[in-house]
Amino acid sequence: MKKTLIISFLLLTACFFATAQQNSSISFEQFISLRQCGSPVISPDGNNVAFTVTSTDWKENSYDTEIWLSIKGEEAFQLTRTQKGSSSSPKWSPDGKWLAFLADRGDKTQVFVVKTVGGEAQAITKEEEGIQGFDWSPNGKFLAFTKNETESKKQKSVKERYGGFAFDDEEFSLSHLWMIDFLPDMMPLPNEKPCYDTKDSTKKKDCITFPKAIRLTDGKFTVTGFGWSPDGMKLAFNHQPNPLISSSIKSDISMIEIESKKITSLVKNPAGDYFDTWSPDSKEILFLSDVTDTLSQFYKNNRLFRIAIAGGTAVELATNFDENKNTLDWNPEGIFFQASQRASQLNLFQLNPSSNRFTQIQGLPDYVSLVSFSIDGKNMAYIGRGVNSIPEVYKMVDGKSQKLTNFNKQIELWNTPVSEIVKWKSKDGTEIEGVLHKPRNFDPTKKYPLLVVIHGGPTGIDTPTPIPGYVYPILQWTEKGAIVLRPNYRGSAGYGEKFRSLNVRNLGVGDMEDVMSGVESLEKQGFVDSEKMGCMGWSQGGYISAFLTTNTNRFKAISVGAGISNWVTYYVSTDIHPFTRQYLKANPWKDPEIYKKTSPMTNILNAKTPTLIQHGEFDKRVPISDAYELLQGLQDVGVPTKLVVYKGFGHGITKPKERLAAFWHNYQWFGKYIFGENIDVPSGE
């Protein structure tokens, strides 16, 4: 009897602590420290899978990425350990015996190789400028890579005499293609050092030497991507006049023959052309192109083509597929691409290159990304997740998927919100979808504070997930008893070209109607506390939040993250001038009215909502001048406002400590104006 009572007590205690753990508050540090998987690559024979795991290094204020390996479906183990750096972009050698990867081990990023059976990784490049991207040749004897040009003697002498200056849009370094031999028999032993500086491989007293890299391309253009032909005799590559983002609309495709170094132009349309992959027989390439359209590629569907390298007319594929296509591979099983399908799925499709018909691959999780295929196309590795789970690494063999990781164990005791897809009609009758996050104990008879979180893009998309956030404490707010709406406003991806075009010459205006109609739809259901509503977003979501700040007083607090406040200010300052011209269909000198109609600053005198502004110090996409303009305008009309500048950052916050600060800044701001709390940000002492 006594033994039974003890067992019952222990079981009750275990249940109590499990419940307590599941209901315990989730800290911002826990959220930011979640380990994440990425970059799965399946071995050529389809047996093994390498992938990356990214973890948070609070001491170094960085994210550390390392490579893990699963052999024949067994439990994965960590393959690389990089001190004060990361290892990424794993690629299998064609024989499956080696993994090459990029690593920044205390110096510039170089290509390393490691045997898959174990051992120390060794660098096989030592380029002063570092390596940008690389790939194995199909026979495994070479690696091609891209790197930036070395600073010329003239550039150095000018800098020495005149100091630092640059002409606008002329401060860049071109990138070109190089190739190096891979000599597995000459790999150094753990106690030997590689040399890299002789023409052939010969042993020296204290090191093993490697051949020098051979230059493949030269000229006044920059290489942005490339791929080996399956026969190993050619490389197709993308090139554009310079690496500036606006130059991508001038991207073309050429081919170099490895033996002769002869370069042939393959695709040169007036608009951007983007190489994807080769056909299995090396006779054709697959590519995306805007063809002649230089005025609307930001929101129109991309177009997929095939063309013979011997010449001829390009053939367009999947013309009846109404969404952007992310091409993955062309192998003996067909052409594979993926695309978003509303908020409910990110699907994988198989296209028959002969019939031009496509079908959706079945038996996969709701959201599939980063797919890698075996050489015969029959097996694959991918990242997948469901609506209530975070991403995992999967391996699919003979149509059956096997989960290789268990990252969801990290959140199994978390009190994550319940996510559901909701729909409503906007002011003009357009159907809008969004994701609604609710507390687990949600009661529709009660009223809840509502926080609206708006994604960027505008061609982004929000989907159901148990851990939404970025710099917004959504989990903590739902734990406090709030609901969170993430609307896929007009212009979002996943709904087709017509939907993405609805905010052309309608930015801000149509977006606000989509957001506010979503809010009103929830209010009509009776569970929203209309006196406790807030709104926020980053990038385009920050712009829409700024537009709401000056055009409605429905919210009690707003947070504008890296948002545009004045399209004229943005247009003359951003690094992507075509974006504004394409969406507004004019520059501000030809049509000042459309810039006025769509700019938050136009109605600054109507602003009343307390507004937090968050911005990166060196943001080139949305320059910080937009933040200062909104700040000054709000101050001038007496609206409570603060600007937080994140030192050293561009358009996004990419380090954990500053991301933690941004979490606290939003939590504090909305805590004050929505929840009536005075929250002190912990000092860390």
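Of note:
- Here is the size of the chain from its Cα atoms: Rg then Dmax, 26.9, 92 Å.
- Among 257-265, 216-224, the order from most to least packed when residues are scored by Cβ within 10 Å on average: 216-224, 257-265
- Peptide ranges 465-471, 28-34, 531-537 listed from the most packed, as the mean C-beta count within 10 angstrom indicates: 531-537, 465-471, 28-34
- Other residues lying with their Cβ under 11 Å from the Cβ of S296 contribute a combined charge of +1, Lys and Arg counting +1, Asp and Glu -1.
- Alpha-carbon centroid distance for the pair region 495-573 / region 392-436, whole angstrom: 24
- Efficiency of FRET from Cβ geometry, Q360 and D443, R₀ 35 Å, rounded to 0.05: 0.40
- Taking the longest Cα principal axis of the chain as reference, the axis of helix 2-23 is set at about 90 degrees.
- Pair N320, L34: separation of 7 Å Cα→Cβ label points (nm): 3.9
- Which listed pairs, of K72/K378; K597/K672; K59/K647; K156/K220; K212/K261; K115/K234, have C-alpha distances above 21 Å, in listed order: K597/K672; K115/K234
- Net lengthening on full extension, R81/E617 (0.36 nm per residue, minus Cα-Cα): 189.7 nm
- Every helix of 4 or more DSSP H residues in the chain counts as -39500 (n - 2.57), and over all residues that averages to -5500 deg cm²/dmol at 222 nm.
- Dividing the convex hull volume of the alpha-carbon atoms in region 324-424 by its residue count gives 109 Å³ per residue.
- N406/V681 FRET efficiency (R0 30 Å; Cβ-Cβ; nearest 0.05): 0.30
- Restraint check, K325/K400; K84/K403; K438/K596; K126/K409; K108/K159, Cα-Cα greater than 28 Å: K84/K403; K438/K596; K126/K409
- Surface exposure of region 357-477, expressed per residue as accessible area with a 1.4 Å probe, stands at 42 Å².
- At an R0 of 30 angstrom, the distance between the Cβ atoms of D428 and E531 translates into a FRET efficiency of 0.60.
- 0 to 90° range, to nearest 10: angle between helix 656-673 axis and the chain longest Cα axis: 20
- Formal net charge of residues neighbouring V568 (Cβ-Cβ distance under 14 Å; K, R +1; D, E -1): 0
- Near D168: Cβ cut-off under 14 Å, other residues only, Lys/Arg at +1 and Asp/Glu at -1. The net charge is -3.
- Average Cα contact separation per residue, region 277-343, under 8 Å, 6 or more apart, as relative contact order %: 26
- A protection proxy built from the mean count of other Cβ atoms within 10 Å ranks the segments 441-447, 359-365, 624-630, most packed first, as 624-630, 359-365, 441-447.
- The C-alpha atoms of the chain define a longest principal axis, and helix 509-524 lies at about 50 degrees to it.
- Normalised per residue, the accessible area of region 629-677 is 44 Å², obtained with a 1.4 Å probe and no contribution from ligands, DNA or RNA.
- Heavy-atom accessible area per residue - region 211-272, 1.4 Å, Å²: 46
- Taking 16 Å as the straight-line reach from the Cα of K425, the aspartates and glutamates in range (excluding those fewer than 8 positions away in the same chain) are E433, D511, E513, D514, E520, E523.
- Extension gain for the segment N302 to D95, taken as residue separation times 0.36 nm less the Cα-Cα distance, is 71.0 nm to one decimal.
- For the chain, the fraction of 1.4 Å probe accessible surface lying on carbon and sulfur atoms is 50 percent.
- The aspartates and glutamates whose alpha-carbon is closer than 17 Å to the alpha-carbon of K262, local same-chain residues fewer than 8 away aside, are D218, D231, D252.
- Extending 7 Å from Cα along the Cβ direction at E593 and again at R505 yields two label points whose distance is 1.0 nm.
- Rough spin-label spacing in nm, given labels placed 7 Å along Cα→Cβ, for K608 and V158: 5.6
- You can think of it this way: the chain between R215 and N553 has 115.6 nm of extra reach, that is 0.36 nm per residue less the Cα-Cα gap.
The values are calculated or read from the model by the stated rules, or taken from the named source; none is laboratory data. Just so we're clear, the structure is a prediction, and the values are computed from it rather than from any experiment. All Cβ positions, even for glycine, are placed from backbone atoms using ideal geometry, and neighbour counts span all protein chains on display. We work out accessible area using only protein heavy atoms, side chains counted, and drop any ligands, DNA or RNA first. Shrake-Rupley method; radii C 1.70, N 1.55, O 1.52, S 1.80 Å.
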